[in-house]
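Okay, structure first, notes after.
Just so you know, all these numbers are worked out from the coordinates, no wet-lab data involved. Since the model is a prediction, treat every value here as computed from it, not as a measurement. Reconstructed Cβ throughout: ideal geometry from the backbone, glycine too, with neighbour counts over all protein chains shown.
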């Protein structure tokens with residue numbers, strides 16, 4: 001079973017790009033997958049959701065989508081210490097995970113490690129980079 005680690009900005013895509021993460025992830029994976037979300041990403045979404053504006057609305061929607069992800073795929077929320085992006089790099093490399101992110105700097109570092117990336121390919125489509 002493949003595991004895919006979702007970054008905070010990837011969880012914001014449903015609001016920002018009108019993307020259905022569940023159907024998008026099902027479309028690009030023929031085998032069963034497990035979704036991994038860092039606890040820091042949930043904390044970031046929670047903090048963002050308390051504000052106002054587009055980012056806050058996107059964060060509120062992302063938090064509402066978590067139950068749908070959990071019902072569609074096995075979901076693990078992993079506690080960690082330190083900055084989320086640094087943890088993602090280390091955890092993904094150690095466990096050979098695919099990472100779903102649109103963070104350009106993080107994508108560059110993950111690519112250098114030759115880890116599979118799930119990214120926004122067009123305005124409304126996710127796929128492997």
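Quick notes on this one:
- Residue 61 vs. criteria crowded, with 19+ Cβ neighbours inside 10 Å and not in a loop (DSSP other than H, G, I, E, B): no
- Criterion applied to 72, 56, 100 was being surrounded by 13 or more Cβ atoms within 10 Å (Cβ to Cβ) and touching a residue at least 60 places away in the same chain (Cβ under 8 Å), and the one residue passing it is 100.
- Hits in segment 30-53 - residues which are buried (at least 16 other Cβ atoms within 10 Å of the Cβ) and in contact (Cβ under 8 Å) with a residue 24 or more places away in the chain: 33, 35, 36, 37, 38, 40, 41, 42, 44, 45
- Test: residue in segment 77-97 that is within 12 Å of the chain's Cα centre (by Cα), without any contact (Cβ under 8 Å) to a residue 60 or more places away in the chain and not in a helix (DSSP H, G or I): yes
- Residues located in segment 99-129, provided they are in a strand (DSSP E or B) and touching a helix residue (DSSP H, G or I) at 6+ places or on another chain (Cβ under 8 Å): 99, 100, 117, 118, 119, 120, 125, 126, 127, 128
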